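Before any comments, here is the structure.
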Amino acid sequence: MAGVASNRRRRGSQPARLALLVVVAVAMACVVAEGKVVHVEEPHRRSMLANGLGSAPPMGWNSWNHFQCDGNGEVVIRETADALVSTGLAALGYKYVNIDDCWAEPKRDAMGNLVANTRTFPHGIKALADYVHSKGLKLGIYSDAGFQTCAKVQPGSLGHEEQDAGTFAAWGVDYIKYDNCNNGDLKPLERYPEMSKALMKAGRPIYFSLCEWGDMHPARWGAAYGNSWRTTNDIADTWESMIATADQNEVWAEYARPGGWNDPDMLEVGNGGMTNSEYVVHFSLWAISKAPLIIGCDVRHMSQETYDILANKEVIAVNQDPLGVQGKKVRMEGSNEIWAATLSDYRTAVVLLNRHATDEATITAHWDDVGLPAGTAVEARDLWLHKTLDAAFTDRMAFDVAPRSCRMFVLKPRHR
Ligand code: GLA
């Protein structure tokens with residue numbers, strides 16, 4: 001009897017079933033109205049893979065972290081392009097050479113066009129783009145969704161979106177970083193779509209980098225308008241800032257994918273404010289987080305240590321892995337953390353991170369946390385020692401990690 005009663009309860013009464021049928025019919029009508037299938041959240045469904053860019057996180061260089069406004073000029077940009085090529089960084093994937101704020105005259109010309117600063121960019125942006133392209137590289141530029149850029153020395157693109165997108169395309173620009181300063185009380189969600197549309201019409205694929213600092217949770221809507229979106233405020237060249245930035249960005253991991261990436265800001269590696277092992281942590285976390293790898297130091301004069309970090313092919317390969325899965329923190333125990341990301345070919349990237357300022361730690365990664373089935377025996381490649389470890393690991397691996405340092409591995413199941 002008990003079984004019959006519960007069956008009845010599950011099946012419902014006649015009127016209730018009728019009501020359910022009506023609801024289902026109405027819902028279906030919404031979905032297939034006039035034969036057209038209407039998907040949920042249709043306005044946010046567009047993917048910027050459509051512009052053919054950002055299938056992996058972008059790699060390059062930007063003037064801001066090292067030069068800010070002073071020193072941002074065509075000589076530095078040309079010499080940087082030269083240095084990216086001569087050091088081999090370009091061949092490793094660092095292709096974008098990006099001019100940040102303070103490149104334009106304070107006023108538009110009589111036609112309303114943006115004009116390059118005649119003192120710092122005397123030959124103009126088109127000539128610079130031609131030079132950068134002749135080196136096999138790409139040129140990036142910076143504008144703003146508001147009336148002025150953040151440094152307040154040049155106009156923003158508000159109300160001039162199509163005009164500026166056209167100008168950038170005509171100059172041969174390949175990447176635009178679009179900030180969100182000085183726009184009165186306009187919300188970025190009202191203005192970013194404008195520039196996104198304008199770029200689509202401009203006739204040249206231009207990588208669109210949204211720089212809204214995460215205020216309006218751009219991870220939730222950025223992929224419809226841009227190829228990446230800042231999730232944090234500006235990074236500073238300190239351990240505290242870097243690690244806080246990585247944490248804030250990690251929260252949005254589920255939203256990253258080919259064509260649209262979370263951006264925890266540009267690299268500080270080589271700018272002098274952190275120790276070498278702190279910079280190794282910085283680069284490892286950016287790589288496993290599928291962050292844009294945009295160098296922020298002066299590559300014309302970098303130390304061997306800086307170069308060895310930025311040029312670590314194996315760490316770069318984790319960042320550029322075709323699956324495009326952003327790594328997550330999978331376990332925290334005090335100042336010990338384990339970050340993991342699934343890679344292509346059944347591989348897994350793991351970072352064992354010791355955040356403690358003075359104490360060494362033994363950190364154990366359990367397969368349960370990093371997402372490997374129990375009993376899996378793996379081969380571990382140490383990406384900073386460039387060495388495949390002799391031992392096979394099953395179910396866990398434990399390593400001593402120095403203060404404010406990390407170990408980074410790629411794990412690969414062993415064939416039996
Ligand atoms: C904002 C951005 C920075 C930089 C400056 C330029 O603060 O977040 O990355 O572009 O503007 O003024």
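Carbon-plus-sulfur fraction of the accessible area of the chain, 1.4 Å probe, in percent? Show your work: numbers first, answer last.
On the way: 10230 of 18780 Å².
Using a 1.4 Å probe with all protein chains present, the chain comes out at 54 percent carbon and sulfur.
From Cα pairs below 8 angstrom and at least 6 apart in sequence, can you work out the relative contact order of the stretch 59-320, rounded to a whole percent?
Values: 517 pairs, mean separation 43.9, N = 262.
The value is 17 percent.
For the stretch 101-163, how big is Rg over Rh, using alpha carbon atoms and the Kirkwood form of Rh? Walk me through the intermediate numbers first.
Details: Rg = 12.3 Å, Rh = 12.4 Å.
Ratio of gyration radius to Kirkwood radius: 0.99.
List, largest first, the extents of the alpha carbons of the stretch 59-320 along their principal axes, each in whole Å.
Over the stretch 59-320, Cα extents along the principal axes are 52, 38, 29 Å.
Sort K387, K95 by heavy-atom solvent-accessible area, probe 1.4 angstrom, most to least.
Final ranking, largest accessible area leading: K387, K95.
Add +1 for every Lys or Arg and -1 for every Asp or Glu among the other residues with Cβ under 14 Å from the Cβ of S55, and state the total.
Numbers: positive: K95, R257, K290; negative: D321.
With Lys, Arg at +1 and Asp, Glu at -1, the net is +2.
For K138, list the lysines whose Cα falls under 22 Å from its own Cα; do not include residues on the same chain fewer than 8 positions away.
Cross-link targets: K95, K126, K177, K197, K201, K290, K313.
Can you figure out the FRET efficiency of T275 with D70, using R₀ = 22 Å and their beta-carbon distance, to the nearest 0.05?
Values: r = 26 Å, r/R0 = 1.20.
E(calc), rounded to 0.05, equals 0.25.
Please tell me the relative contact order of the stretch 130-263 in percent, rounded to the nearest whole number, where contacts are Cα pairs under 8 Å and at least six residues apart. Provide the component values of the computation, followed by the final result.
Values: 232 pairs, mean separation 25.5, N = 134.
Result for the stretch 130-263 is 19 percent.
What span do the alpha-carbon atoms of the stretch 75-220 cover on each of the three principal axes, reported in whole Å from largest to smallest?
45, 39, 28
Ranked from highest to lowest mean number of other Cβ atoms within 10 Å per residue, what is the order of the peptides 311-317, 407-413, 159-165? Can you show the working numbers first?
Numbers: 311-317: 17.4, 407-413: 22.1, 159-165: 20.3.
Order by mean packing, descending: 407-413, 159-165, 311-317.
How much accessible area does F168 have with a 1.4 Å probe, in Å² rounded to the nearest 10?
We get 0 Å² for F168.
Given R₀ = 56 Å, FRET efficiency for D368-K126 by Cβ-Cβ distance, to 0.05? Write down the numbers at each step before the final one.
Numbers: r = 56 Å, r/R0 = 1.00.
Efficiency at R0 = 56 Å is approximately 0.50.
So with the 1.4 Å probe, I'd like the accessible area per residue for the chain, rounded to whole Å². Write down the numbers at each step before the final one.
Numbers: 18780 Å² over 416 residues.
Result: 45 Å² of accessible area for each residue.
Heavy atoms of the protein only, probe of 1.4 Å, neighbouring chains included. What is the accessible area of V370 in Å², nearest 10?
Per-residue accessible area (V370): approximately 10 Å².
Among DSSP beta bridges whose residues both lie in the chain, state the antiparallel percentage, nearest 5. Present the calculation step by step, with values, prior to reporting the outcome.
On the way: 38 of 61 bridges.
Taking every DSSP beta bridge with both residues in the chain, the antiparallel ones total about 60 percent.
Grab the eigenvalues of the alpha-carbon gyration tensor for the stretch 309-416, scale each by 5, take roots, and send me the semi-axes largest first in whole angstrom. Working shown, then result.
Working: eigenvalues 82, 56, 37 Å².
For the stretch 309-416, the ellipsoid semi-axes come out as 20, 17, 14 Å.
Could I have the simple spin-label model distance between D382 and E105, label points 7 Å from Cα toward Cβ, reported in nm to one decimal?
Modelled inter-label distance: 5.8 nm.
The values are calculated or read from the model by the stated rules, or taken from the named source; none is laboratory data. Remember, it's a predicted structure, so these values are computed and weren't measured experimentally. In this analysis, Cβ positions are derived from the backbone assuming ideal geometry, glycine residues included, and neighbour counts consider all displayed protein chains. What goes into the accessible areas is simple: the full protein's heavy atoms, side chains included, and nothing from ligands, DNA or RNA. Shrake-Rupley method; radii C 1.70, N 1.55, O 1.52, S 1.80 Å.
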